[in-house]
Amino acid sequence: MHQYRTHSCAELRKDHVGETVKLSGWIHRKRDHGGVLFIDLRDTHGLTQCVVDEGSPLLAEMEKVRAESVITVTGAVRERPGETQNSNMPTGEIELYIEAMEVQGAADVIPFQVAEDDGAGEEIRLKYRYLDLRREKMQKNIRLRNDVIFEFRKRMREKEFQEFQTPILTASSPEGARDYLVPSRLHAGKFYALPQAPQQFKQMLMVSGFDKYFQIAPCFRDEDGRADRLAEFYQLDLEMSFVTQEDVFNTIQPVIEGVFEQFNDFTGTAHKVEWHDHIRYEDAMMKYGSDKPDLRNPLEIVDVTDVFARDDVEFKAFKGVIEKGGVVRMIRAPQVADQPRSFFDKLNSWAQGEGAPGLGYVKFENGEGAGPIAKFIPTAAQEELKKISGATDGDAVFFICNKEKPAAKFAGLARDAICNALPEGHEAAREQGVYKFAWIIDFPMYERDEAGVVDFSHNPFSMPQGGMDDLENKDPEKVYAYQYDAICNGFELCSGAIRNHKAEIMEKAFGIAGYDKSVLEAKFGGMLNAFRFGAPPHGGCAFGIDRIIMLLADEPNLREVYAFVMNGQYEDQMMSAPSDITLEQLKDLHIKLDLPKAKVKAEKAA
RNA sequence: GCGGGCGUAGCUCAGCUGGUUAGAGCGCCGCCCUGUCACGGCGGAGGUCGCGAGUUCGAGUCUCGUCGCUCGCGCCA
């Protein structure tokens, strides 16, 4: 007989009755009846009830072994007596009568419960992550992660993509997020950077002629975290040669759709998978106030600046902003006029909490407008508002007034706040049980800041639509890029582009953003050179794998879908990272610390 | 860097307008219990109320500061 086990803890059935078997696992629960003791033994596959019967010499010993200890038990499989069979357990027909037991790893008293969800906080769960990971929910989430990544690999290979590994120690890049830096011992004063994405490498693989690249790529960005953003994360990264934007969509969309369909009911609730038509970036900002709109929210934003600019409208608060170049945006909420006053008051205080003066509204009731600001808007103007938004009796419209960018953004927040405030079952409540995808396309290549300075608005390596001609002849703000995101339920799941593979267009593109040719050569010389030796047109994208799993598992943050993960401050309390290092290590690296004063004080005090 | 929320037993939390010995459930320890499967019963241990000042006769409770966690803003393809 095997030293540790003959079966898993989920395996034994009636057929095994009479066999002598061996199981190993963790003590999930103990039920001690004095004369008889039940132990639920757990491994990653399931649970089996084991029994120490009356008079067994093992009884006293078993009573002492704590929950979560690892033990090996040997004994006969018996059918449970009639009434005691448990139909809720796959192994509930049988039990193992323990004849021999060995403790493989005794457990101290555990800091929180593994066998049940006792609501233990994140801090302690992360500190004892190995215990947390034993819990059923985490075992399931990690298995889902494993399955999703396996499926991606399988489906990408079926599409003839080759999987690559690219360097982790690479060069710092001047664009985008802060880099994690690694000092070089061999080159005093120089640093490697961890990749924010394998961007340049995958493009150079296209120049190398590999045609279709993919990687489950680790990425690192030293920016403050969010629930859906961590210092290190994984992307399904891909790149293809000789493709248009639509080719990229048509290649990857079935992969993503297939995986979402395959795991749509992971939570126990079935979800449909739907793709919305492509949305132009500017339309997304106008209609939804976001470049990653949640399309389950049916509310839409319209521009009503012209109505409030009319001479017969006397709402001075808005007029003043319009005169300074501002805009008025409006959201129609259908059939909410009968909501209690508190519905509108709560939205108003929400807006104030976000730093806005408030959230003005007009209710259309009994053929006329009502509400605090309705009296400033004459009937003719109200009719115009109705016409623009399609509002009818019983609807309400909410207003946002500010300069264009903040107005669009705040309208987007208000759109979600209004939807969230609607009672369950309301016709405009957020749709449930569906993954609503869309490609956001036609991102602007450049943007101007308040001072009029032009800079890249997104990815500087994207091909400008219209190529050199647009760069030379159009206002930079009117140049669009072959740049796209895929969004789902309010998350940006993917970002990508058809790349700029022509050195001369790249020089021009960077020049417009104020980057001198010498800077370009210094920072991207490697890739620029590559483009001078025969570069194919190419493009691709990268999907955030962790966000995908978070959506499938319906988890509120990314930490629930990683085995090992840092906290919100990017510290790992289990491994004590980041940590102090020795003076010798610093010397090796030619580094002297120059810590901020407050920090020194705090550390001395500790 | 900024703002909101939280911080009381190992874990999760209650603790009112400030008032005498700070509670509950789970866990832990001891005793009892032959069929449970969230077993049950009896008893017990366990607290720097995050930390530091202040107000007060008196602070878990009020004020200020500070630290930690978390959500968001900034930042971030």
Legend entry - Largest-first ordering by accessible area, 1.4 Å probe, given options A:Lys387, A:Lys154: A:Lys387, A:Lys154
Inset, instruction - Could you size up the charge dipole of chain A around its Cα centre, putting +1 on the beta carbon of Lys and Arg and -1 on that of Asp and Glu, and report it in debye to the nearest 20? - result: 1200
Inset, instruction - May I ask you to evaluate 6.51 cos²θ - 1.76 cosθ + 1.60, the Karplus curve with θ = phi - 60°, for each residue of segment A:211-220 and list the ³J(HN,Hα) values in order in whole Hz, giving x for glycine and proline? - result: 6, 9, 10, 8, 7, 7, 9, x, 10, 9
Legend entry - Alpha carbon convex hull of segment A:369-526, volume per residue in cubic angstrom: 174
Legend entry - Three-way shape label, segment A:411-495, alpha-carbon gyration tensor, a/c 1.5: prolate
Inset, instruction - Counting helices only, and only those DSSP H runs with n ≥ 4, report the 222 nm mean residue ellipticity of chain A as the sum of -39,500 (n - 2.57) divided by its residues, in deg cm²/dmol to the nearest 500. - result: -9000 deg cm²/dmol
Inset, instruction - Output the antiparallel fraction of DSSP beta bridges having both residues in segment A:9-141, as a percent to the nearest 5. - result: 95
Inset, instruction - Could you tell me whether segment A:302-449 comes out rounded, prolate or oblate from its Cα gyration tensor? Rule is a ≥ b ≥ c as square roots of the eigenvalues, rounded for a/c under 1.5, then prolate if a/b exceeds b/c, otherwise oblate. - result: oblate
Legend entry - For chain A, accessible area per residue (1.4 Å probe, heavy atoms of protein chains only), Å²: 50
Inset, instruction - Report, in whole Å, the centroid distance computed from the Cα atoms of segment A:233-269 and segment A:286-311. - result: 30
Legend entry - Portion, in percent, of the accessible area of chain A that falls on carbon or sulfur, probe 1.4 Å: 49
Inset, instruction - Express in % the proportion of alpha carbon pairs of chain A at distances exceeding 40 Å. - result: 47
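Looking at segment A:203-240, which GluC sites (Glu not before Pro) are DSSP coil and have at most 16 other C-beta atoms within 10 Å of their C-beta?
A:Glu223
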Inset, instruction - Give the cross-link partners of A:Lys127 among the lysines, using a straight C-alpha distance below 23 Å as the criterion and excluding same-chain residues fewer than 8 apart. - result: A:Lys137, A:Lys140
Legend entry - Neighbour cut-off at most 13 other Cβ (10 Å), DSSP loop, GluC sites (Glu not before Pro), segment A:393-502: A:Glu424, A:Glu427, A:Glu450
Inset, instruction - Would you work out if segment A:1-147 is rounded, prolate or oblate? Take a ≥ b ≥ c from the square roots of the eigenvalues of the alpha-carbon gyration tensor; rounded if a/c is under 1.5, else prolate when a/b is larger than b/c, oblate otherwise. - result: prolate
Legend entry - Too-long pairs where the Cα-Cα distance tops 24 Å, listed order kept, from A:Lys319/A:Lys409; A:Lys272/A:Lys386; A:Lys387/A:Lys474; A:Lys523/A:Lys592; A:Lys212/A:Lys474: A:Lys272/A:Lys386; A:Lys387/A:Lys474; A:Lys523/A:Lys592; A:Lys212/A:Lys474
Legend entry - Kyte-Doolittle mean at least 0.0 and Cα axial length at least 27 Å: DSSP H helices in chain A: none
Legend entry - lysines whose Cα lies under 24 Å from that of A:Lys22, excluding same-chain neighbours fewer than 8 positions away: A:Lys14, A:Lys30, A:Lys64
Inset, instruction - With a cut-off of at most 13 other beta carbons within 10 Å, and DSSP calling the residue loop, which chymotrypsin sites (Phe, Trp or Tyr not before Pro) in segment A:1-106 qualify? Please list them. - result: A:Tyr4
Inset, instruction - Excluding residues fewer than 8 places away in the same chain, name every one of the aspartates and glutamates whose C-alpha is closer than 20 Å to that of A:Lys375. - result: A:Asp306, A:Asp311, A:Asp312, A:Glu314, A:Asp338, A:Asp345, A:Glu365, A:Glu383, A:Glu384, A:Asp393, A:Asp395
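How high is the relative contact order of chain A, in percent, counting Cα pairs under 8 Å that sit 6 or more residues apart?
Values: 1111 pairs, mean separation 79.8, N = 606.
Dividing the mean separation by the residue count of chain A yields 13 percent.
The values are calculated or read from the model by the stated rules, or taken from the named source; none is laboratory data. These figures come from a predicted structure and were not determined experimentally. Cβ: placed from backbone, ideal geometry, glycine included. Neighbour counts: every protein chain shown. Accessible surface areas use protein heavy atoms only, side chains included; no ligands, DNA or RNA. Shrake-Rupley method; radii C 1.70, N 1.55, O 1.52, S 1.80 Å.
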